[in-house]
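**Student:** Before we start, here is the structure in question, set down as structure tokens.
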Amino acid sequence: MTGMSLIVKTVCRWLKGFILLFGVYIVLYGHLTPGGGFSGGVIIACAFILIFLAEGKLVETKIFSKNVAGELDSVGILIFWAAALTGLFCGGVYFKNFITTAAESHFKLFSSGIIPICNIGIGLKVGASLFVVFVILAAVKIVVPKKSDNINDHEEDEK
Amino acid sequence: MTLEYIVAALIILMIMGAVTALETDNLLSSIIALGAVGFLLAIAFLFLGAPDIAFTQIVVEILLLIILIRVTIHRDLKTTTAHRAMFGWTFAIVLIAFLTWFGLTVFEEFPAFGTAVMDRVADSASVTYIKEGLAKSGAGNLVTAVLLDFRAFDTLGEATVLFCAILGALAILRQKAHKHSKEKDQEADAA
């Protein structure tokens, strides 16, 4: 499980930062430009999946383990839900956008109340959960097949 | 009123199918029962005037479910090589004809090409979104304004679906369970 060739690894190492940055941009500017939490989260997950594919399976525990991703998943949906509940307590309606935006701050980054907060929550959630799904599916595919020497070595490593 | 009775009958059939899927011992019959539930839900969507969701329902609930289960669970699935019965062919042809008829009916109701769809009704929700979306939500992107302000509850449901899907995937596909079942298989083989 040493991953792909040196060329692929190097290119992925250069690209991963840009992909991650683009994903974060899509999430943060979701209320101004096309995009939002879901699409940005998918791009963020793609950055990690790219590293995972290029460097091989063992890198997963080093950079970003499955458990951390699961916790981030929960944190994301809690942020979203907390925004909804705050709307209930401050405005009286579930998902009330209780921070009103003045007309002069339209089309600025800090505008439109709870929408950017919800976007960040969804972005965290979608990114982490897609990564978890990918890791689980990849891991299952590696564990299940017939026994060969490499896989046996690897299973012993895990124990 | 008849619509309510039809939907109620479909829901009763769906509950029966779900109970069958839970109670049966054979995995294949369980999948078939679950597919029947999905198919009945698709028919209910057709009657409720949502053919697009009905098509999605058929694709996801019946086809994808079977393919996913076939991929993830290697054991316990028997394949049959017998010829398809007459009933199967008739049912397939009737199903395709039925869906085609529904699709054509929908096409007839489409507005003519080039006409504005969003403001056909003067005080519809879409007109309100377009006119007052920026002022009410403050978001420059109207799609996000609808997704996270006017219809945020839908989005929460969507996120919850994703969350539950991840929970299910983690529960079914975690490595410990696989090792455990492997050991069980070995014990069964030894015994």
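The values are calculated or read from the model by the stated rules, or taken from the named source; none is laboratory data. From a predicted model like this one, the values you see are computed outputs, not experimental measurements. Cβ coordinates were reconstructed from backbone atoms using ideal geometry, including for glycine residues, and neighbour counts include every protein chain displayed. Each accessible area value is taken on the protein alone, full model and side chains, heavy atoms only, with ligands, DNA and RNA left out. Shrake-Rupley method; radii C 1.70, N 1.55, O 1.52, S 1.80 Å.
**Student:** Kindly indicate whether A:I77 is at the interface with chain B (Cβ under 7 Å from one of its Cβ atoms) and open to solvent by 20 Å² or more (accessible area, probe 1.4 Å).
**Tutor:** In short, yes.
**Student:** Would you call B:L48 modelled with pLDDT under 90 and within 15 Å of B:L65 (Cα to Cα)? Give the derivation first.
**Tutor:** On the way: modelled with pLDDT under 90: yes; within 15 Å of B:L65 (Cα to Cα): no.
The answer is no for B:L48.
**Student:** Do the conditions hold for B:L147, that is, is it at pLDDT below 80, part of a helix (DSSP H, G or I) and within 14 Å of chain A (Cβ to nearest Cβ)?
**Tutor:** Details: at pLDDT below 80: no; part of a helix (DSSP H, G or I): yes; within 14 Å of chain A (Cβ to nearest Cβ): yes.
Here the answer is no, as B:L147 does not meet what is asked.
**Student:** So the check is Cβ under 7 Å with 6+ separation or different chains; which pairs have a first residue in region B:78-101 that's closer than 20 Å to B:F55 by Cα and of a type in the set (K, R) and a second one that's exposed (fewer than 10 other Cβ atoms within 10 Å of the Cβ) and modelled with pLDDT of 75 or more?
**Tutor:** No pair meets every condition.
**Student:** Follow-up. Show me the helices (runs of 4 or more DSSP H) found entirely inside region A:28-111 where at least 2 residues are modelled with pLDDT of 85 or more and of a type in the set (A, V, I, L, M). Please lay out each step first, then the result.
**Tutor:** On the way: elements: A:37-55, A:59-63, A:66-91.
Correct list: A:37-55, A:66-91.
**Student:** Sticking with this structure for a sec: I'm trying to understand the selection: among the residues of region B:89-106, which are open to solvent by less than 100 Å² (accessible area, probe 1.4 Å) and over 22 Å from the mean Cα position of the chain (by Cα)?
**Tutor:** Hit for region B:89-106 is B:T90, nothing else.
**Student:** Additional query: How many residues, within region B:30-65, are assigned to a helix (DSSP H, G or I), over 13 Å from B:I11 (Cα atoms) and of a type outside the set (D, E, K, R)?
**Tutor:** Keep residues of region B:30-65 that are assigned to a helix (DSSP H, G or I), which gives B:30-47, B:51-65.
Retained after the next criterion (residues that are over 13 Å from B:I11 (Cα atoms)): B:30-35, B:46, B:51-65.
From the residues that got through so far, the ones that are of a type outside the set (D, E, K, R) too are B:30-35, B:46, B:51, B:53-60, B:62-65.
Residues in region B:30-65 being assigned to a helix (DSSP H, G or I), over 13 Å from B:I11 (Cα atoms) and of a type outside the set (D, E, K, R): 20 in total.
**Student:** Pick from region A:92-105 the residues that are under 18 Å from B:L147 (Cβ atoms) and not aromatic (F, W, Y): which of them is surrounded by the most Cβ atoms within 10 Å (Cβ to Cβ)?
**Tutor:** Here the residue is A:N97.
**Student:** Considering only region B:112-134, how many residues are assigned to a helix (DSSP H, G or I) and open to solvent by less than 80 Å² (accessible area, probe 1.4 Å)?
**Tutor:** As a first pass, look at region B:112-134 and keep what is assigned to a helix (DSSP H, G or I): B:125-134.
After this cut, where a residue has to be open to solvent by less than 80 Å² (accessible area, probe 1.4 Å) as well, the list is B:125-129, B:132-134.
Residues flagged as assigned to a helix (DSSP H, G or I) and open to solvent by less than 80 Å² (accessible area, probe 1.4 Å) within region B:112-134 amount to 8.
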